[in-house]
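These notes concern the structure reproduced below.
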Number of protein chains: 2
Amino acid sequence: MDTIGFEAHDHKGCVRDAIAAVEAHCTRHKLQFTPVRRRVLEILLSEHRAMGAYEILDTLRTEGLGSQPPVAYRALDFLVTNGFVHKIERLNAFIACTHPGQDHTPAFLICRQCDAVAEAHAEPSKGMLGRAAADTGFTIEQAVVEAMGLCPQCRESVHPCA
Amino acid sequence: MDTIGFEAHDHKGCVRDAIAAVEAHCTRHKLQFTPVRRRVLEILLSEHRAMGAYEILDTLRTEGLGSQPPVAYRALDFLVTNGFVHKIERLNAFIACTHPGQDHTPAFLICRQCDAVAEAHAEPSKGMLGRAAADTGFTIEQAVVEAMGLCPQCRESVHPCA
DNA sequence: CATCAGATGTTATGATATCACATATGGAGA
DNA sequence: TCTCCATATGTGATATCATAACATCTGATG
């Protein structure tokens, strides 16, 4: 299954593996996985949640890795462009990809209560959206799919009657 | 068909009809369709494109209907909440709904070249997203579906070789 | 070792959105 | 009618998100 965001898991391992995967991908594609870029990805992987650019920047600042917004935004731009991090448009925030390197169209399940975000897999070219695009001659290059709602935990706490 | 955004149409008529539909809906549901709210909707309907809040505010300002951001944002909030206007997260912009009053989950086709936006219809509960949500126990309340790409016209102009 | 592309540092500013509080308006009930 | 209250609006200030512009550095390449 793709959706892993609402379950416990081996966190240290997932951070380590993701960094290794990105490192390998960068080497293979001659991309510069610089200290700032690596650190931003590490922060997002460790926190395992959607974070704003300025929140990330705060951490960088305490570590002497850059203190001005462009530093964070440039690193994020690199990571997003290469598919290692996704932007959650709805939250103006960023989250580490759960399977970096693989070509995919992410979809997100966002809890409005606790802000937890789970990454799932969308296939926008199939389904109604793809059909509508085909009908009108629109060429889809990229898609944002974000569902808002309640995660299992918060759903419980909202219904204490059970 | 739902997707009408890339084709010519009777524009005056569509503005008039939409306003009438919203007016009726507000009367039926005891909602206040005030001058500012009406004017913001008219602007969006007339322009028939995604507009930023401050761009709308500029127009209001010249008409003496309010000059501070909260005026525009409050009207937009009302219109979005009641489904008369949709927010395009990807553009931080707003667009009038093409079939107001009806309960629906909109999806958008956004041209990256000319910024034209077409509204289509999504059914997020079906398909992979709905399945992923069901699998994890996530309850979808609302969804953002936005496809970026090239509209038919811009696709032509990018490929002049044909 | 000259050059150049790409990355980073830094100042300033632009763009989007909300808070907080004052004021107005219109309907329900005393 | 008058009071109360919910809802809407006016306004100044500020929070939050993002980029422009330009200087500097560093490492690869010819």
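The values are calculated or read from the model by the stated rules, or taken from the named source; none is laboratory data. Just so you know, these numbers come straight off a predicted model, no measurement behind them. Using ideal geometry, Cβ is built from the backbone for each residue, glycine included, and neighbour counts are taken over all protein chains shown. The area values use the complete protein model at the heavy-atom level, side chains included, leaving out ligands, DNA and RNA. Shrake-Rupley method; radii C 1.70, N 1.55, O 1.52, S 1.80 Å.
If you check every pair at least six apart or on different chains, which have Cβ atoms under 9 Å apart with a residue in the stretch A:69-82 that is in the same structural domain as A:Val36 (by TED's automatic domain parsing) first and a residue that is more than 9 Å from DNA strand D (Cβ to nearest atom) and among the hydroxyl-bearing types (Ser, Thr, Tyr) second? Note: pairs meeting the criteria are A:Ala75/A:Thr34; A:Phe78/A:Thr34. Please specify each residue of the stretch A:46-61 satisfying the condition of being within 14 Å of DNA strand C (Cβ to nearest atom), assigned to a helix (DSSP H, G or I) and surrounded by fewer than 17 Cβ atoms within 10 Å (Cβ to Cβ). Those that are within 14 Å of DNA strand C (Cβ to nearest atom), assigned to a helix (DSSP H, G or I) and surrounded by fewer than 17 Cβ atoms within 10 Å (Cβ to Cβ): A:Tyr54, A:Arg61. Residues that are under 24 Å from A:Glu123 (Cα atoms), over 13 Å from the mean Cα position of the chain (by Cα) and of a type in the set (A, V, I, L, M, F, W, C) occur in the stretch B:120-128; there is at least one. In the stretch B:129-149, the residues that are more than 7 Å from chain A (Cβ to nearest Cβ) reach residues that are part of a strand (DSSP E or B) and open to solvent by 10 Å² or more (accessible area, probe 1.4 Å) with C-beta atoms within less than 8 angstrom, at least six apart or across chains, in these pairs: B:Gly130/B:Ile140.
Would you point out the residue of the stretch A:110-125, among those that are assigned to a loop (DSSP other than H, G, I, E, B) and in contact with a Cys (Cβ under 6 Å, 6 or more places away or on another chain), that is most open to solvent (accessible area, probe 1.4 Å)? Restricting to residues being assigned to a loop (DSSP other than H, G, I, E, B) and in contact with a Cys (Cβ under 6 Å, 6 or more places away or on another chain), the top hit is A:Gln113.
For the stretch A:82-109, a residue qualifies if it is outside any strand (DSSP E or B), within 12 Å of DNA strand D (Cβ to nearest atom) and open to solvent by 50 Å² or more (accessible area, probe 1.4 Å), and the qualifying residues are A:Arg90, A:Leu91, A:Asn92. The one condition from (1) open to solvent by 50 Å² or more (accessible area, probe 1.4 Å); (2) of a type outside the set (Gly, Ala, Ser); (3) in a helix (DSSP H, G or I) that B:Val71 does not meet is (1).
Among the residues here, B:Ala96 does not qualify as away from chain A (no Cβ under 14 Å), farther than 28 Å from A:Ala143 by Cβ and not charged (D, E, K, R). Taking B:Leu76 as the residue in question, decide whether it is farther than 20 Å from B:Val15 by Cα, crowded, with 17+ Cβ neighbours inside 10 Å and of a type in the set (A, V, I, L, M, F, W, C). So B:Leu76 does not fit the description; no.
Yes or no, residue by residue, for (1) within 14 Å of DNA strand C (Cβ to nearest atom); (2) open to solvent by less than 40 Å² (accessible area, probe 1.4 Å):
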{"position": "A:His9", "(1), (2)": "no, no"}
{"position": "A:Val22", "(1), (2)": "yes, yes"}
{"position": "A:Gln32", "(1), (2)": "yes, no"}
{"position": "A:Leu41", "(1), (2)": "yes, yes"}
{"position": "A:Glu63", "(1), (2)": "yes, no"}
